[in-house]
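*Asks:* Can you keep this structure in mind? I'll have questions shortly.
The values are calculated or read from the model by the stated rules, or taken from the named source; none is laboratory data. Because the structure is a prediction, the values reported are computed rather than measured. Note that each Cβ is placed from the backbone with ideal geometry, even for glycine, and that neighbours are counted across all protein chains shown.
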């Protein structure tokens with residue numbers, strides 16, 4: 001008696017050759033998208049769709065529509081037409097191979113003409129999975145959607161985000177169908193990606209064709225076998241997953257045909273047919289079922305040989321898979337090391353960029369400080385210019401008033417010298433003269449004028465005393481120094497408006513800075529000259545090495561010096577060149593022939609004595 005398992009295989013073989021004869025209507029739509037216009041071409045989806053479509057046809061489906069490389073409009077039209085065919089169907093199946101994307105928890109199928117430049121384009125250029133669920137919903141017994149669309153999506157890497165919080169997942173999101181007797185099978189678990197494999201068909205498509213068409217095999221168990229095969233073939237990296245639920249009865253994709261009654265055949269003929277059937281299937285399950293039914297005999301030995309052959313092939317395939325996994329692991333490790341090097345390089349570049357940013361920020365602050373300082377100087381200069389302009393206007397008014405007063409005094413003197421009769425002027429003429437006289441202006445007192453001139457003398461370096469408005473001898477000497485170095489000839493006995501204007505016209509120091517012996521000029525100040533150890537300030541006001549002490553003079557030397565001094569005093573006082581040097585802030589120079597070195601009052605500070613050249 002043939003066991004049930006071998007009987008099922010026999011029925012399946014008969015079904016592949018004779019075609020369906022049952023009344024239940026089964027329809028399938030198969031779509032494979034490979035030739036994407038805006039992404040690299042996929043090699044397997046078209047091959048997988050062709051393979052799965054052929055499986056549905058061999059399984060006796062009433063309608064199998066295989067479509068390849070569809071655009072968005074073509075996919076919508078095919079789903080709409082397929083929805084019409086499912087209204088009188090018991091079983092409706094949609095298989096899709098290609099790219100898919102998950103956006104905010106919703107899954108979408110990507111047509112070949114999609115560009116997906118931004119995440120907003122997903123709503124316009126793709127097909128939601130809910131549209132496929134809507135197409136299979138009219139089926140009465142089974143609604144099945146198989147998505148081989150969990151590949152690594154290149155669109156998500158280049159897509160621009162219009163909202164930072166919008167999530168774009170890796171792979172597809174979990175789906176829980178709301179309609180009864182509905183199943184959705186993913187090539188990879190939600191949130192993970194699927195592999196195309198190394199052959200022309202993906203591991204998922206090969207496992208589907210192997211297990212789904214087995215007669216009488218419940219779909220839940222068939223997808224369990226598919227899961228096991230894919231896990232093994234991918235080194236346990238890809239795990240298919242099924243969402244949804246069915247009832248308590250088995251729901252096979254291909255039903256078992258009832259056995260027909262007829263005359264009993266020769267047992268040897270049945271043995272030979274079973275062997276030929278097992279040979280046609282050429283699977284471990286087929287040969288094990290045959291050996292269970294026929295454990296002894298010639299055909300049993302042949303079946304054992306076939307099993308050994310299959311075992312050798314499985315061993316070879318396992319070794320090849322192991323070698324491939326080792327090579328992939330090696331490639332992964334190399335890639336990880338390269339990635340680490342790239343990360344280190346990126347980190348170094350980021351550090352350099354950050355340092356450049358900090359330097360640029362510091363430079364910006366420096367430039368800002370310079371700009372603020374320049375702006376402050378501009379404001380100070382504008383204020384000083386406005387003040388100088390006001391003082392100039394006041395000085396001009398004072399000058400005009402002084403000139404008017406002097407003219408009036410001269411006119412009064414002339415009037416007093418003329419006869420009384422000549423000094424009588426008609427009233428109309430007096431009014432005319434009065435009209436031509438300058439209008440009274442605000443006056444600048446002599447004290448204010450003197451204080452202004454003193455302030456300007458201090459500014460140009462000719463006066464060191466305070467600006468007190470007292471035009472003293474020190475102020476007169478300061479104006480005399482200004483005349484000397486500025487080339488002017490103002491009267492030093494009084495402070496005049498012309499002198500004030502000339503002083504204001506000078507932008508900087510006019511009188512040189514003169515320092516005492518042992519001091520040197522540093523900007524506008526005299527600083528003490530400091531010599532290093534073993535040096536002192538010499539006659540030229542420069543640091544020179546200290547000479548060793550000369551021998552102590554004897555009494556004879558003293559008498560000789562006294563005689564020389566008396567001779568000098570008795571000699572005519574004709575100046576001779578002394579060979580001495582005179583130093584000031586401008587440097588040192590020899591004393592002119594016929595002159596001698598002496599001291600004089602400081603031009604700005606009379607109480608201070610400075611070196612001076614005295615010539616008779």
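*Asks:* Taking the stretch 114-136 on its own, how many of its residues are surrounded by 16 or more Cβ atoms within 10 Å (Cβ to Cβ) and over 34 Å from the mean Cα position of the chain (by Cα)?
*Replies:* Residues meeting the conditions: 7.
*Asks:* Within the stretch 84-99, how many residues turn out to be over 17 Å from residue 144 (Cβ atoms) and crowded, with 24+ Cβ neighbours inside 10 Å?
*Replies:* So the answer is 2.
*Asks:* I need every pair where a residue in the stretch 224-239 that is over 17 Å from residue 317 (Cα atoms) has its Cβ under 6 Å from the Cβ of a residue that is modelled with pLDDT under 90 and surrounded by 20 or more Cβ atoms within 10 Å (Cβ to Cβ), sequence separation at least 6 or different chains.
*Replies:* 238/188; 238/194; 238/195
*Asks:* OK, next. If we scan the stretch 353-370, do we find a residue that is part of a helix (DSSP H, G or I) and closer than 30 Å to residue 459 by Cα?
*Replies:* Yes.
*Asks:* Only residues that are closer than 20 Å to residue 464 by Cβ, surrounded by 14 or more Cβ atoms within 10 Å (Cβ to Cβ) and free of Cβ contacts under 8 Å to residues at least 60 places away in the same chain: list them for the stretch 516-546, please.
*Replies:* Answer for the stretch 516-546, where residues must be closer than 20 Å to residue 464 by Cβ, surrounded by 14 or more Cβ atoms within 10 Å (Cβ to Cβ) and free of Cβ contacts under 8 Å to residues at least 60 places away in the same chain: 519, 526.
*Asks:* From 481, 457, grab the single residue that is in a helix (DSSP H, G or I), surrounded by 14 or more Cβ atoms within 10 Å (Cβ to Cβ), under 59 Å from the mean Cα position of the chain (by Cα) and not assigned by TED's automatic domain parsing to the domain that holds residue 582.
*Replies:* Exactly one residue qualifies, and that residue is 457.
*Asks:* With (1) within 16 Å of residue 399 (Cβ to Cβ); (2) touching a residue at least 60 places away in the same chain (Cβ under 8 Å) as the list, and residue 503 as the residue in question, which single condition is left unmet?
*Replies:* Of (1) within 16 Å of residue 399 (Cβ to Cβ); (2) touching a residue at least 60 places away in the same chain (Cβ under 8 Å), only one is false for residue 503: (2).
*Asks:* Among the numbered criteria (1) touching a helix residue (DSSP H, G or I) at 6+ places or on another chain (Cβ under 9 Å); (2) surrounded by 19 or more Cβ atoms within 10 Å (Cβ to Cβ); (3) in a loop (DSSP other than H, G, I, E, B), which single criterion is violated by residue 207?
*Replies:* With (1) touching a helix residue (DSSP H, G or I) at 6+ places or on another chain (Cβ under 9 Å); (2) surrounded by 19 or more Cβ atoms within 10 Å (Cβ to Cβ); (3) in a loop (DSSP other than H, G, I, E, B) applied to residue 207, the lone miss is (3).
*Asks:* If you check residue 83 against the conditions, is it farther than 25 Å from residue 202 by Cα and assigned by TED's automatic domain parsing to the domain that holds residue 190?
*Replies:* Answer is yes for this residue.
*Asks:* Follow-up question, since we're still on this one. Restricting to the stretch 565-606, name every residue that is part of a helix (DSSP H, G or I) and either modelled with pLDDT of 65 or more or in contact with a strand residue (DSSP E or B) (Cβ under 9 Å, 6 or more places away or on another chain) (or both).
*Replies:* Within the stretch 565-606, 565, 566 qualify.
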